[in-house]
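A.B. asks: I have a structure I would like to understand better, so I am pasting it below and will then ask my questions one at a time.
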């Protein structure tokens with residue numbers, strides 16, 4: 001097969017740097033397209049000059065260009081003229097979530113570029129390096145992590161489930177199609193005829209009868225063309241030995257089912273080696289010619305037999321650099337594999353199509369983010385508009401699905417199939433910076449298939465977790481660190497900004513303890529009386545006035561501090577009751593101070609069903625419950641009533657593990673992707689500490705106040 005001529009803009013000789021030194025260096029970028037892709041974070045130790053900045057820079061240590069594109073001629077000319085290295089950058093082998101998402105890995109090559117076999121590359125040099133014991137162990141560990149999490153270059157697609165029909169009961173060969181014009185094909189000394197040769201080779205061998213062709217995702221979307229004609233009336237489609245996978249499925253889920261993988265130059269061949277599969281190549285990709293694959297073309301003389309660990313260490317550890325999406329800082333490949341594995345796990349929670357019901361437009365917008373990766377259907381009703389994108393037009397073709405509803409609302413519609421499951425959605429316990437009633441963006445929601453955590457009438461997913469989970473040492477250790485993090489950083493549900501009024505409340509509390517050192521100080525938490533947590537979690541104490549009266553009756557000599565709900569204090573919600581006589585039942589009211597700042601100055605907290613009781617337990621404050629909140633009945637609180645279902649005695653760490661680790665879903669404020677509670681807490685703390693300009697502070701405060709008043713008016717009109 002004739003090979004294409006080498007690209008003329010390659011450097012004349014490989015750079016002696018291994019790796020090149022970039023600390024304090026200044027690299028030039030001649031292309032605005034590259035510069036706008038925000039590659040600077042991959043070079044934290046050097047200064048990147050834009051095309052405009054190059055006009056005023058007289059000293060460069062290197063020039064960046066993208067791969068082997070013709071646009072690199074000018075970059076090569078500049079590097080040659082200045083006698084400095086030309087550095088080629090390309091997407092790494094673990095790009096990230098999906099092609100349209102932010103890049104999480106990048107390779108930098110000062111010799112050539114990995115997909116062009118016509119000349120050496122830095123990757124080739126790294127592959128041929130022998131490994132020491134530590135490197136060998138790490139390479140094997142990375143391989144194990146890769147297969148454990150089912151990771152690939154892109155990680156957005158759902159898993160392929162092998163059909164149970166007779167055809168798929170037999171072993172099959174997986175053929176990988178690629179897009180036309182892909183530079184890796186030319187660089188691998190291949191062309192269109194290579195795909196014909198690959199198909200013929202698969203059909204000629206008879207050891208494995210069945211063949212599966214996986215179409216490239218961009219071909220499936222219709223944005224590019226492939227090399228195989230898979231039209232319904234084509235020879236391939238009519239061949240009984242061949243099946244075509246047109247839909248975009250996770251590549252690892254298909255590879256692990258295959259007996260062998262045939263490819264021209266796709267990265268799928270490298271990934272198949274990680275899965276221990278037999279790989280046949282019909283070009284010279286970076287992983288061919290090393291004695292690990294069955295190769296159709298002769299290998300370059302500079303390539304020798306190596307171990308799989310050498311290939312893994314070079315391609316996934318030594319050659320690329322990785323950027324963590326939550327910190328925008330360089331990280332190790334193991335960190336990114338675990339992170340993307342977590343994304344895949346969260347995106348696969350919903351195996352059936354989801355139908356949102358009863359969501360406001362604002363909540364529907366957030367629901368899109370909390371259900372990334374799910375398929376959506378629309379019942380064509382005005383109360384649940386379609387999410388668009390991957391939704392279908394109606395429910396007629398769906399015999400199974402999931403109705404997703406906000407809060408405790410229950411469906412009485414008969415329009416939908418009885419086979420539809422139901423999920424109730426609510427705010428999580430570490431929610432936002434600001435009040436939900438004022439439309440602050442949520443970063444934590446819960447998705448409950450059994451009920452909802454504040455409805456004590458029936459079991460919820462959270463109650464099931466608390467009642468049945470076996471808490472291992474690793475989970476409890478994580479909960480302990482989470483508890484320390486919450487306390488140290490003063491993180492709670494809403495994380496409101498501290499004001500001068502809050503300082504006044506704090507001073508009043510301090511004075512109480514000084515003036516009455518021997519008198520019990522009790523904190524009574526007010527709630528929105530029309531809230532569902534009282535409606536479904538209360539028993540006989542159902543108003544703030546009744547709660548204050550009950551506390552005063554039990555503790556007539558105590559100093560009672562009353563803290564109304566923040567939504568009531570800011571007029572964002574209507575209390576639902578008459579609070580005119582509250583003053584007779586408490587000694588001090590504090591409305592602006594954060595709950596976590598109150599707790600060190602009180603002896604106990606009293607509530608009907610407020611989340612504040614859970615936050616007090618985290619911080620070691622005794623809690624008295626006058627209703628049936630989710631944290632009551634487990635031996636951690638003094639309870640006015642009991643739920644017979646809750647028979648287990650728990651520790652605070654087990655409560656934390658259940659409520660903050662196992663139950664909610666979290667979104668990271670920076671990446672917009674799923675995250676852990678630890679990552680969210682750190683991000684919220686950074687948001688709280690991030691200094692803002694005076695204009696931003698004033699304007700944001702004004703907007704928040706207007707929103708609170710507006711939402712208060714709306715809630716009053718609705719009576720909630």
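Each row is one residue, and each column tells you yes or no for (1) at pLDDT 80 or above; (2) within 23 Å of residue 353 (Cα to Cα).
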position: 420; (1), (2): no, yes
position: 442; (1), (2): yes, no
position: 452; (1), (2): yes, yes
position: 463; (1), (2): yes, no
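A.B. asks: Restricting attention to segment 234-291, which residues are surrounded by fewer than 20 Cβ atoms within 10 Å (Cβ to Cβ) and assigned to a helix (DSSP H, G or I)?
C.D. replies: Once the filter is applied, which keeps residues that are surrounded by fewer than 20 Cβ atoms within 10 Å (Cβ to Cβ) and assigned to a helix (DSSP H, G or I), segment 234-291 yields 235, 236, 237, 238, 253.
A.B. asks: Considering each residue of segment 240-267, count those that are in contact with a strand residue (DSSP E or B) (Cβ under 8 Å, 6 or more places away or on another chain) and farther than 25 Å from residue 375 by Cβ, and give that number.
C.D. replies: Summing the residues that are in contact with a strand residue (DSSP E or B) (Cβ under 8 Å, 6 or more places away or on another chain) and farther than 25 Å from residue 375 by Cβ in segment 240-267 gives 11.
A.B. asks: Residues that are without any contact (Cβ under 8 Å) to a residue 12 or more places away in the chain and either out of contact with any helix residue (DSSP H, G or I) (no Cβ under 8 Å at 6 or more places or on another chain) or surrounded by 17 or more Cβ atoms within 10 Å (Cβ to Cβ) (or both): list the helices (runs of 4 or more DSSP H) wholly contained in segment 105-218 that include at least 1 such residues.
C.D. replies: 133-149, 192-204
A.B. asks: Something else: Which ones in segment 33-63 are part of a strand (DSSP E or B) and touching a residue at least 40 places away in the same chain (Cβ under 8 Å)?
C.D. replies: Passing the criteria: only 62.
A.B. asks: Pull up segment 521-564, narrow it to residues that are more than 38 Å from the chain's Cα centre (by Cα), assigned to a helix (DSSP H, G or I) and in contact (Cβ under 8 Å) with a residue 24 or more places away in the chain, then point me to the one that is surrounded by the fewest Cβ atoms within 10 Å (Cβ to Cβ).
C.D. replies: Selected residue: 549.
A.B. asks: Just checking, which of 539, 561 is assigned by TED's automatic domain parsing to the domain that holds residue 588, modelled with pLDDT of 90 or more and touching a helix residue (DSSP H, G or I) at 6+ places or on another chain (Cβ under 9 Å)?
C.D. replies: 561
A.B. asks: Select from segment 457-507 the residues that are in contact with a strand residue (DSSP E or B) (Cβ under 8 Å, 6 or more places away or on another chain) and either without any contact (Cβ under 8 Å) to a residue 12 or more places away in the chain or assigned to a helix (DSSP H, G or I) (or both) and list them in ascending order.
C.D. replies: Matches in segment 457-507: 461, 462.
A.B. asks: Within segment 650-667, take every residue that is in contact with a helix residue (DSSP H, G or I) (Cβ under 6 Å, 6 or more places away or on another chain) and outside any helix (DSSP H, G or I) and give me the one that is surrounded by the fewest Cβ atoms within 10 Å (Cβ to Cβ).
C.D. replies: The qualifying residue surrounded by the fewest Cβ atoms within 10 Å (Cβ to Cβ) is 665.
A.B. asks: Among the residues of segment 327-371, write down those that are surrounded by 19 or more Cβ atoms within 10 Å (Cβ to Cβ), assigned to a loop (DSSP other than H, G, I, E, B) and touching a helix residue (DSSP H, G or I) at 6+ places or on another chain (Cβ under 7 Å).
C.D. replies: 359
A.B. asks: Kindly indicate which of 436, 408, 388 is at pLDDT below 60 and farther than 20 Å from residue 349 by Cβ.
C.D. replies: Being at pLDDT below 60 and farther than 20 Å from residue 349 by Cβ holds for just one of 436, 408, 388, which is 388.
A.B. asks: In this structure, is residue 78 touching a strand residue (DSSP E or B) at 6+ places or on another chain (Cβ under 8 Å) and modelled with pLDDT of 90 or more? Before the answer, list the steps.
C.D. replies: Values: touching a strand residue (DSSP E or B) at 6+ places or on another chain (Cβ under 8 Å): yes; modelled with pLDDT of 90 or more: no.
Spelling it out, it is not the case that residue 78 is touching a strand residue (DSSP E or B) at 6+ places or on another chain (Cβ under 8 Å) and modelled with pLDDT of 90 or more.
A.B. asks: Name the residues in segment 72-87 that are assigned to a loop (DSSP other than H, G, I, E, B), over 16 Å from residue 109 (Cβ atoms) and touching a residue at least 12 places away in the same chain (Cβ under 8 Å), would you?
C.D. replies: none
The values are calculated or read from the model by the stated rules, or taken from the named source; none is laboratory data. Keep in mind it's a predicted model, so treat the numbers as computed, not measured. Glycine also receives a Cβ, built like all others from the backbone with ideal geometry; neighbour counts cover every protein chain displayed.
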